Each structure stands twice: as C-alpha cells, then as structure tokens.
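Read the structure below first, then the notes.
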Amino acid sequence: MFQGKIKANFIKTIIDATAILVDEAKFKIADDGIYGRTVDPAHVGMIDFKLKKEAFDDYDCKEETEIGIDLDKLKTALKVATSEEMVELKYEKEEGRLKVSIGNLTRKIALLDVTEMPDTKIPSLELPAEIVISTVEFHQAIKAAESISDHVTLIADKESFELVAEGDTDIVELRLSKEQLYSLKCEERVKSMFPLDYLSDMVKVARGKSEELTINLGNNYPIKLSFEMAGGYIKIMYLLAPRIESE
Amino acid sequence: MNWTEKYRPKSLKDVIGNKKAKEELLKWAKEWEEGRPTKKAVILYGKPGVGKTTSAYAIANDFNWEIVEMNASDERNREIIRRIALSGAINETLTGGKKRLIILDEADNLYEKAGDYGGKRAIVETIRVTKQPIVLIANDYYELIKGSGQELKNICKAIEFKKVGKKEIVALLRKICQLEGIEVDIEVLNTIAMRCDGDVRSAINDLQSIAYEKKITRDAISHLGYRDREREIFIGLHRILRANDLRTAIREAWRLDESPDNLLLWIDENLPIEYKHRDDLARAYEYLSRADVFLGRVWRRQYYGLWGYATELMTGGVAIAKKHEYRGFTAYHFPKWLRSMARSKQYRHLRMNLAKKLGKFIHCSSKKAYELLPMFANLFKSNDDLAARLAAKLDLNEEELSLLVGEKAKEIYKEAQELKKKEKQAVLFNFK
C-alpha cells in the first residue's frame with residue numbers, strides 16, 4: 001500500500017519527462033520515494049528519475065512495489081489539476097488500480113502488468129566534461145537548431161562550450177565562454193553529435209522547471225542531462241546516445 | 001517454463017539445422033563487425049519454427065550486440081517504424097561503441113493490420129540510411145518483396161531457412177529429455193519429429209505437452225493431436241479474459257494467429273466458464289454480439305477494415321465488461337460449433353454439390369435448388385425408374401444419390417450407369 005500528496009506540477013513533470021520516451025513505464029514505489037528508469041523502444045534515450053518522499057506531503061509506503069503505468073492515461077487524469085493544486089495518489093495491491101484524487105474528484109486508473117516490463121540498468125559511462133548551463137539559453141539554441149537540421153554537435157574544451165547545427169544552407173551556433181556558464185569542467189576537447197528530436201524533447205522538459213541544466217559530455221559518446229526540482233527532492237536524469245557520424 | 005524459451009540456443013553454433021544459412025548470416029555479421037557490409041540488412045525467410053528468430057538473437061549474442069526488436073504485437077505503421085527502427089538505425093547505443101541489431105519480426109505481415117501502406121516504405125528508408133545491422137524476418141519472402149517492398153530485393157541479402165532434418169530434431173529432443181531427467185521411448189521422439197515437419201518449435205512444444213511425468217511411453221503419442229495449436233489459443237484466451245484493460249486484451253488478440261471469426265467462437269464458448277457473475281456475463285455478451293455485427297458487415301461488404309472493430313470489441317470490450325476479478329485455473333473448451341461444423345463438413349459439401357447439379361438442370365441458383373432438395377428426395381423415392389433416369393441425366397454419383405434415396409442408392413446408381421451406357425451407344429449409333 002502507498003499513499004501521498006504532491007503538487008500537481010511535480011508529478012506532471014515526472015510523467016511528461018517519461019512520456020517523451022515511452023507510452024508505458026514501470027515505477028518503483030519504495031519507502032523513501034518513487035523511482036523510475038526507462039529506455040525508449042529504440043534504445044537511444046533513457047530516463048532515470050528520483051522522486052524523494054520529501055517532495056510529498058504525508059508520504060506513506062508500507063511495502064515496496066512496482067506499478068505499471070499507462071502514461072497517457074495518467075496524463076489526462078492530471079490535466080484537470082492546476083499546477084499548484086495538490087494531488088493525492090493512493091495505491092492498494094488488492095485493488096490493482098491507482099487512485100488519483102484532485103480536490104473531491106477521484107479517478108481510479110487501471111495499472112499494467114509489470115512482469116513483462118524489463119529492468120533497466122544505467123550503463124557505466126566515462127564522461128570527462130561537465131557543463132552547467134542556463135536551461136533557457138540552451139533551450140533557445142536547441143530550438144533554433146531544430147529549425148534547420150535534425151542533429152546537433154556539442155563541443156566542449158577548457159575554455160568554452162559550443163553548439164553547432166548545420167542545415168542544407170544555414171548554420172546555427174551558440175558559443176559560451178567559461179564565464180558565461182554556471183560552471184565548466186573539461187580537461188581536453190570533446191565532441192559528440194546528437195539527434196535533435198530526442199534532445200529537444202528532453203530540454204523542453206527541463207525548461208521552466210529548473211534554472212540550471214547539467215550536461216555531461218564525451219567524445220562520440222552518450223550525453224547525460226540532469227536537473228533538479230523541489231529543492232533537490234526531485235532529480236531527473238536523461239541519457240542520450242549520439243548520432244553515428246557519416247563518413 | 002516454456003521449453004522453447006528455456007532451451008533457446010544462445011549462440012549461433014548451437015542452433016540446429018540450416019548450416020548454409022547460418023554460415024551466410026555469420027559472414028554478414030562479420031562484415032558488419034569489420035565495418036563494411038556489402039548489404040546492410042538481411043532477410044531471413046522460411047517456415048515457422050525453423051530457427052529464424054532464434055538465429056537472429058543468437059548472432060546478436062555472439063557478437064555482443066544490443067537488440068532492438070519490433071514484433072507483430074507492436075502496431076507497426078510508418079510512424080512507429082520510423083520512431084523505433086529508424087532512430088535505432090542512425091544512432092549509437094547508450095552504452096557507447098556497441099552495435100545494435102534491429103530485428104523486425106514477421107516483416108511480411110506488417111501492413112494489413114492498420115490498413116497502412118507506408119510500413120514497407122519506412123523499412124526501405126531505414127535500411128538505406130542505417131548505420132546499424134538490420135534483420136527482417138518473414139515466413140513468405142514473396143509477400144515481403146511485393147508492392148512497395150520490391151526495393152528490399154536490392155538492398156537486402158536474402159537467406160533462406162529450410163526445414164530442419166528429422167535426425168537433428170530427434171537428437172535435440174533427446175538432449176532436452178536428458179536435461180529434464182525424463183525417460184523416453186525413442187519411438188515417441190521419432191513420431192514427434194516426423195509430424196512436426198521440420199518445425200523445431202512445435203516439436204519442442206509437443207514434447208513438453210506430453211511430458212508431465214518423468215517417463216514418456218508410446219501411449220503418449222496419441223495425446224498429441226492438435227494440442228499445440230489449441231494450447232496457444234488457451235493461453236491467449238486466458239490472457240484476454242483476465243485482462244484488466246483494453247489494450248492488453250487487444251494486444252493479446254493480435255498475438256494470436258486466429259481469424260476474428262474463429263476467435264469470436266472461442267470467446268463465445270468459454271465466456272460462461274470464465275465469468276461467473278451474471279451481470280458481467282450479460283455485459284460481455286453485449287460486446288460480443290456487437291463484435292458479431294461487425295463480422296457480419298465484413299462479410300456482406302467484403303470490407304476487412306472492419307475486422308479491427310470486431311476484434312477490439314470481442315477482446316477489449318469483453319475484458320473490460322467484467323467488474324469482478326476471476327482467479328484460479330479455468331479449463332477452456334474447444335468451440336462446439338466448430339467441432340460440429342467440422343464433423344458435418346463432408347456432408348454439407350456433398351449437399352452443396354448436389355444442389356449445384358440440380359440447379360443447373362432446373363435453371364435456378366444452387367441456393368434455391370438447395371431449398372428444393374427435400375422435394376426432389378421425395379420424387380426420387382417415389383419411383384425408382386424415374387430416379388435412375390434423373391440420376392443419369394444429372395450425372396449424380398453414388399454418395400449424392402444416397403442423400404436423396406438413402407439405402408437404395410447403390411441399386412439406382414447401377415441402373416443409372418446402365419442407362420448412361422445405353423445412351424452413349426445410341427449416340428454412336430445415330431452417327432453411323
């Protein structure tokens with residue numbers, strides 16, 4: 001059994017953040033919070049989130065369980081709540097449904113069978129560069145890049161971070177020096193190319209939720225994007241595989 | 001646990017049969033490893049159960065490739081193929097540096113389901129730009145390369161998987177029995193290998209279905225029957241009727257290789273066994289009858305697009321009709337209607353043929369003649385001489401005659417043959 005009250009904005013963010021990759025997801029409800037880790041069907045993007053119990057009011061979990069959620073369904077259920085409203089979530093094993101209460105309104109959502117949903121492991125990655133950037137600024141650049149190309153190249157070196165997208169005729173560039181970033185840790189130059197359809201969705205989730213976005217980068221290697229909400233009680237991390245560069 | 005899963009070979013060298021096909025596949029995979037494949041995708045085609053999918057998974061395992069699969073239970077229209085296969089094809093893996101094998105199972109029946117014709121084109125598009133190895137799996141090669149799939153012929157390497165030899169199957173079954181600690185009469189294994197006709201999966205399923213004890217004797221052979229096919233639908237039916245939401249039930253139905261007409265009969269037969277509460281049953285039958293209405297429309301309009309509605313109503317609708325939860329084991333039955341129809345098939349066929357012959361003779365449709373059969377039966381019975389002459393004229397055979405006159409058929413048939421002979425001679429005589 002589990003129950004807890006949480007700000008609609010928080011739970012909506014978690015659901016939206018997962019829904020850009022998959023339609024269904026498995027969430028683990030533990031005594032210290034809710035965890036989710038899912039890979040998209042193409043195995044290109046991964047999300048890993050932690051929703052600590054401190055982000056809830058009256059969080060109570062008697063027994064650790066896993067529930068399978070049809071994200072679209074939960075999304076529509078949450079739509080009626082304004083972002084500051086409190087949402088009460090309740091799950092009882094016997095009933096097999098997730099009860100979502102907003103004010104006096106309740107909706108019971110049928111859950112999915114988790115036995116066929118695979119467990120996902122986070123791959124161990126060596127990502128030498130760490131950049132902390134303004135989410136708004138990065139989102140702006142991604143949006144601009146998206147209008148001319150379907151992939152983007154990210155480059156970091158000791159002094160700066162760079163985003164370059166080349167379309168058929170046009171070029172979009174964003175260059176930020178160390179001073180213009182929140183922080184930059186990078187020993188040697190790294191460069192990777194990423195598919196914009198995934199990257200743009202991921203950055204969109206972060207926008208408006210967190211001022212800072214942490215980027216971990218390698219050389220032709222996956223990228224790690226992470227941000228926090230609710231004073232660090234909600235952590236969302238994305239991994240995205242790079243595009244294979246054409247020879 | 002299902003033995004076909006339990007004993008699914010992990011490495012290509014353990015896959016039985018199809019030596020040549022395996023060599024070809026291995027060669028292609030090595031080309032990928034070295035970076036320059038001549039063809040970026042392969043088509044593995046052949047009968048069910050001969051090791052196509054197993055080989056694809058095994059080769060991925062041998063080379064430590066990650067796997068992205070799209071099988072028939074996914075809704076594979078253009079959009080989804082692009083989102084999954086194409087994304088997987090042009091991007092790296094999350095672990096970095098590893099290769100990713102994209103497997104499209106049952107690629108020859110992608111498109112009918114959603115009435116979407118962009119599926120094949122999306123596959124062609126994906127193969128053109130892919131940076132990762134792709135395997136298409138099909139039962140029917142020609143179904144796959146027809147229409148917009150023609151291009152596939154040029155950009156894929158086709159590898160045929162043939163039926164697996166009896167000897168190899170027997171050896172495999174014997175090994176499984178050893179590992180399971182089952183004592184078995186070799187004759188049983190021979191029979192299983194013979195009747196599976198090169199289909200290893202069904203052979204293993206057969207073996208498992210009779211292996212409930214540690215010793216299998218010759219008598220067990222008689223239990224085989226149609227068991228494997230029935231078992232598949234039993235499992236499917238169980239999952240459909242126990243499903244708690246629409247999608248699970250519908251997806252299960254896709255997985256079953258059963259036409260909506262047949263599925264309807266199965267559900268109809270077994271609903272009352274599964275749903276114990278009267279109100280649940282009433283609601284479920286309401287959905288089932290609506291599904292049947294759609295099946296009727298499919299038939300009348302010859303428009304198979306409506307099958308989708310029928311399937312969703314009879315599976316999803318029925319699944320969500322229940323308000324109570326049912327637990328425990330339920331023994332399902334084979335549809336009585338199908339059984340009796342199968343039994344009467346020959347008889348009905350005979351009657352239809354008779355009506356056709358009669359219709360031609362009396363200038364009406366065979367359907368109308370069908371209705372007149374009792375009248376003709378009376379006519380035939382009333383006068384043997386007339387019956388013989390009519391039989392000769394209509395060219396009825398003995399079985400057809402027996403439908404009309406019963407036991408006297410033999411006699412009358414003989415007489416009719418005599419009459420025919422005479423007539424033939426008369427014709428010849430006239431020519432002279």
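Quick look at the numbers
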read-out: Cβ-defined net charge surrounding B:Leu350, 14 Å radius [Lys, Arg +1; Asp, Glu -1]; value: +3
read-out: Selection of trypsin sites (Lys or Arg not before Pro), the stretch B:389-425, meeting DSSP coil and at most 12 other Cβ within 10 Å; value: none
read-out: Descending semi-axes in whole angstrom, ellipsoid equivalent of the stretch B:3-160, from the Cα gyration tensor; value: 22, 18, 15
read-out: Accessible surface, per residue, of chain A when the full set of protein chains is kept, probe 1.4 Å, Å²; value: 48 Å²
read-out: J(HN,Hα) series, the stretch A:174-191, from Karplus relation 6.51 cos²θ - 1.76 cosθ + 1.60, nearest Hz, glycine and proline x; value: 9, 10, 10, 7, 3, 5, 7, 9, 5, 6, 8, 10, 7, 7, 10, 4, 10, 8
read-out: Carbon plus sulfur fraction of accessible area for the stretch B:314-432, probe 1.4 Å, in percent; value: 56 percent
read-out: Selection of GluC sites (Glu not before Pro), the stretch A:1-64, meeting DSSP coil and at most 15 other Cβ within 10 Å; value: A:Glu63, A:Glu64
read-out: Accessible area of A:Asp197 in the full protein assembly, 1.4 Å probe (Å², nearest 10); value: 90 Å²
read-out: Rounded FRET efficiency, nearest 0.05, which uses the C-beta distance separating B:His333 from B:Lys408 and R0 of 45 Å; value: 0.65
read-out: Förster-model FRET efficiency, 22 Å R0, B:Asn244 and A:Asp60, C-beta, rounded to 0.05; value: 0.35
read-out: B:Met341, B:Met375, A:Met229, reordered so the largest accessible area comes first (probe 1.4 Å); value: B:Met375, B:Met341, A:Met229
read-out: Convex hull (Cα only) mean projected area of the stretch A:129-240, reported in nm² to one decimal; value: 6.4 nm²
read-out: Heavy-atom SASA rank of B:Ile273, A:Ile215 (probe 1.4 Å, accessible area, largest first); value: B:Ile273, A:Ile215
read-out: The stretch B:387-403 - phi-based ³J(HN,Hα) in whole Hz, Karplus 6.51/-1.76/1.60, Gly and Pro as x; value: 4, 5, 5, 5, 4, 5, 4, 7, 6, 7, 8, 5, 5, 5, 5, 5, 5
read-out: Residue among B:Gly406, B:Gly305, B:Gly88 with the largest mean-square fluctuation in a Gaussian network model of chain B, springs linking Cα atoms under 10 Å; value: B:Gly406
read-out: Cα-based helix-to-principal-axis angle, B:19-33 vs chain B, degrees rounded to 10; value: 40 degrees
read-out: Solvent-accessible ranking of B:Trp266, B:Trp254, largest area first, probe 1.4 Å; value: B:Trp254, B:Trp266
read-out: Degrees between helix B:345-362 axis and first principal axis of chain B (Cα, 0 to 90, nearest 10); value: 50 degrees
read-out: Protein accessible area in chain A, 1.4 Å probe - carbon and sulfur %; value: 43 percent
read-out: Extension gain from B:Glu31 to B:Gln178, taking 0.36 nm per residue of separation minus the Cα-Cα distance; value: 49.1 nm
read-out: Debye intensity ratio in log₁₀ form over the Cα atoms of the stretch B:279-397, taken at each q of 0.09, 0.19 Å⁻¹; value: -0.50, -1.07
read-out: Fully extended contour minus Cα-Cα distance, from B:Asn61 to B:Lys162, at 0.36 nm per residue; value: 34.1 nm
read-out: Loop GluC sites (Glu not before Pro), the stretch A:128-218, which have at most 15 other Cβ atoms in a 10 Å radius of their Cβ (DSSP); value: A:Glu159, A:Glu187, A:Glu188, A:Glu211
read-out: With all protein chains modelled, accessible area of B:Arg283 [1.4 Å, Å²]; value: 80 Å²
read-out: Chains A and B, summed buried accessible surface - 1.4 Å probe, Å², nearest 100; value: 2100 Å²
read-out: Debye log10 I(q)/I(0) for the stretch A:155-210, one point scatterer per Cα, at q = 0.12, 0.31 Å⁻¹; value: -0.36, -1.14
read-out: Per residue accessible area in Å² of the stretch B:363-432, where ligands, DNA and RNA are left out and the probe is 1.4 Å; value: 74 Å²
read-out: Angle in degrees between helix A:8-19 and the longest Cα principal axis of chain A, rounded to the nearest 10; value: 60 degrees
read-out: Fluctuation leader among B:Lys163, B:Lys368, B:Lys27 - chain B, Gaussian network, Cα springs under 10 angstrom; value: B:Lys368
read-out: For the stretch B:166-216: accessible area per residue (Å², 1.4 Å); value: 52 Å²
read-out: Mean ellipticity per residue at 222 nm, deg cm²/dmol - from DSSP H runs of n ≥ 4 across chain B, formula -39500 (n - 2.57); value: -18000 deg cm²/dmol
read-out: Equivalent ellipsoid dimensions for chain A as semi-axes, Å, which come from the Cα gyration tensor, largest first; value: 35, 18, 17
read-out: The stretch B:233-252 and the stretch B:323-338: distance between their alpha carbon centers, rounded to Å; value: 12 Å
read-out: Whole-percent pair-distance distribution, where bins are 5 Å wide, for the alpha carbons of the stretch A:2-116; value: 2, 12, 23, 28, 22, 10, 3, 1, 0
read-out: Bins of 20 Å, starting at 0 and running to the largest distance - Cα pair percent for the protein assembly as shown; value: 14, 37, 32, 11, 5, 1
read-out: Computed E for A:Glu245/B:Lys10 - FRET, C-beta separation, R0 35 angstrom, nearest 0.05; value: 0.60
read-out: Burial ranking of peptide ranges B:176-189, A:26-39 (average Cβ count within 10 Å, highest at the top); value: A:26-39, B:176-189
read-out: Karplus-derived 3J(HN,Hα), 6.51/-1.76/1.60, for each residue of the stretch A:89-95, Hz, glycine and proline x; value: 10, 9, 9, 10, 4, 5, 7
read-out: Debye log10 I(q)/I(0) at q = 0.14 Å⁻¹ for chain B, Cα point scatterers; value: -1.26
read-out: Summed residue charge, Cβ within 13 Å of A:Phe161's Cβ, Lys/Arg positive, Asp/Glu negative; value: -1
read-out: Choice from B:Arg36, B:Arg348, B:Arg255 with maximal GNM fluctuation in chain B (Cα, 10 Å cutoff); value: B:Arg348
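The values are calculated or read from the model by the stated rules, or taken from the named source; none is laboratory data. Bear in mind the structure is a predicted one, so any value in this text is a computation, not a measurement. Note that we place each Cβ from the backbone using ideal geometry, even for glycine, and neighbour counts take in every protein chain shown. The protein model used for the area step is the full one, side chains on, heavy atoms only, and it has no ligands, DNA or RNA in it. Shrake-Rupley method; radii C 1.70, N 1.55, O 1.52, S 1.80 Å.
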